[in-house]
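The structure under discussion appears below in the form of structure tokens.
The values are calculated or read from the model by the stated rules, or taken from the named source; none is laboratory data. Because the structure is predicted, anything quoted here is derived from the model rather than measured. Reconstructed Cβ throughout: ideal geometry from the backbone, glycine too, with neighbour counts over all protein chains shown. Note: accessible area is taken over every heavy atom of the protein model, side chains too, but ligands, DNA and RNA are not part of it. Shrake-Rupley method; radii C 1.70, N 1.55, O 1.52, S 1.80 Å.
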Amino acid sequence: MLEIKDLNAWYGSSHTLHGVSLNVKQGEVVALVGRNGAGKTTTIRSIMGLMPKITGSMQFDGKNLVSLKAHERYRLGLAYVPEERRIVPGLTVRENLQLGLVAGSGKIDEREAIEEIAESFPRLKERLDQEGVTMSGGEQQMLAIARATIAKPKMILLDEPSEGIMPVLVEEMGVLFRKLRDQGVTLLLVEQNVEWALRLADRAVILDQGEVVYESSSEALLADKDMQERYCAV
Ligand code: ATP
């Protein structure tokens with residue numbers, strides 16, 4: 001579904017990614033892990049068309065991504081939940097969800113979509129008319145995920161969704177990701193909470209200093225404490 005070959009990325013003159021190649025199959029959950037500064041966010045930003053300069057090739061669902069603008073990538077069925085969530089102040093939960101429909105392909109009935117999403121996110125269902133930013137950090141994260149999910153993307157890229165969130169919500173999030181996977185949604189999960197991510201994922205990829213240094217099944221990395229210690233210790 002997503003095929004990245006020899007991706008290089010720069011912030012100004014700072015060369016951040018060095019020949020990253022990454023494949024994610026349809027319906028797969030891949031955990032992208034590594035230390036702070038390893039290049040995980042930069043990889044996601046490159047996929048979404050948000051980096052100032054990249055080279056290399058990126059295909060999504062058989063289409064070349066490189067020449068497309070960020071909003072065109074959303075329309076192809078790629079969705080992104082950034083680390084900073086970006087819940088819009090002054091808008092209710094419902095209105096924040098409506099923004100997710102604007103970014104999608106536009107063929108979805110709004111009322112039905114919000115009803116359906118409210119079933120999957122019970123915490124949001126009770127708060128549809130509350131201002132989004134008045135919710136707890138974890139609830140706002142759920143809203144950011146719901147907003148990314150509402151237009152039924154084929155693949156969702158998540159940047160550290162569990163960060164700073166209370167354990168009960170992290171558990172709920174895990175249940176939700178499994179449900180999305182069961183529905184055939186492909187997930188790329190960037191996480192510092194490595195064990196949690198590996199329990200959810202099918203495969204793991206480790207980035208270090210802008211390069212892929214390891215790829216395996218999640219079980220294999222879960223069992224390899226040395227490798228986790230070497231490349232994923234915070
Ligand atoms: P973290 O978990 O800390 O976000 P990461 O693996 O996601 O880590 P990136 O954010 O992709 O890492 O950062 C990769 C490298 O690029 C780091 O050396 C970082 O300092 C640098 N970098 C990130 N954002 C910028 C920026 N806007 N301008 C210049 N350099 C940046």
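Residues are listed down the side, and each one gets a yes or a no for (1) within 9 Å of the ligand (Cβ to nearest atom); (2) touching a helix residue (DSSP H, G or I) at 6+ places or on another chain (Cβ under 6 Å); (3) free of Cβ contacts under 8 Å to residues at least 40 places away in the same chain; (4) not charged (D, E, K, R):
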site	(1), (2), (3), (4)
19	no, no, no, yes
29	no, yes, no, yes
44	yes, no, no, yes
66	no, no, yes, yes
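Restricting to the stretch 46-55, count the residues that are within 10 Å of the ligand (Cβ to nearest atom) and among the polar types (S, T, N, Q).
Of the residues in that region, 1 qualify.
Going by the structure shown, is residue 72 free of Cβ contacts under 8 Å to residues at least 24 places away in the same chain, more than 16 Å from the ligand (Cβ to nearest atom) and of a type in the set (Asp, Glu)?
So residue 72 passes the test.
So, of the residues in the stretch 200-219 that are within 12 Å of the ligand (Cβ to nearest atom) and not in a strand (DSSP E or B), which turns out to be farthest from the chain's Cα centre (by Cα)?
Among them, the one singled out is 209.
Okay, residues lined up against (1) of a type in the set (Phe, Trp, Tyr); (2) more than 16 Å from the chain's Cα centre (by Cα); (3) within 16 Å of the ligand (Cβ to nearest atom):
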site: 149; (1), (2), (3): no, no, no
site: 152; (1), (2), (3): no, no, no
site: 162; (1), (2), (3): no, no, yes
site: 171; (1), (2), (3): no, yes, no
site: 191; (1), (2), (3): no, no, yes
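Okay, residues lined up against (1) over 25 Å from residue 181 (Cβ atoms); (2) open to solvent by 30 Å² or more (accessible area, probe 1.4 Å):
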| position | (1), (2) |
| --- | --- |
| 12 | yes, yes |
| 24 | no, no |
| 28 | no, no |
| 37 | yes, yes |
| 41 | no, yes |
| 54 | yes, yes |
| 81 | no, no |
| 86 | no, yes |
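Do the conditions hold for residue 90, that is, is it open to solvent by 20 Å² or more (accessible area, probe 1.4 Å), within 11 Å of the ligand (Cβ to nearest atom), in contact (Cβ under 8 Å) with a residue 12 or more places away in the chain and at positive phi?
In short, no.
Residue 165 is checked against (1) buried (at least 17 other Cβ atoms within 10 Å of the Cβ); (2) within 23 Å of residue 76 (Cβ to Cβ); (3) free of Cβ contacts under 8 Å to residues at least 40 places away in the same chain and fails just one. What number does that condition carry?
Exception for residue 165: condition (2).
For residue 176, indicate whether it is surrounded by fewer than 21 Cβ atoms within 10 Å (Cβ to Cβ), in contact with a strand residue (DSSP E or B) (Cβ under 9 Å, 6 or more places away or on another chain), modelled with pLDDT of 90 or more and part of a helix (DSSP H, G or I).
When the stated conditions are applied, residue 176 does not pass them.
Any idea which of (1) more than 18 Å from the chain's Cα centre (by Cα); (2) assigned to a loop (DSSP other than H, G, I, E, B); (3) crowded, with 20+ Cβ neighbours inside 10 Å is the one residue 67 doesn't satisfy?
Exception for residue 67: condition (3).
Within the stretch 1-10, restricting attention to residues that are surrounded by fewer than 22 Cβ atoms within 10 Å (Cβ to Cβ) and part of a strand (DSSP E or B), which residue is nearest to the ligand (Cβ to nearest atom)?
Taking the candidates together, the pick is 10.
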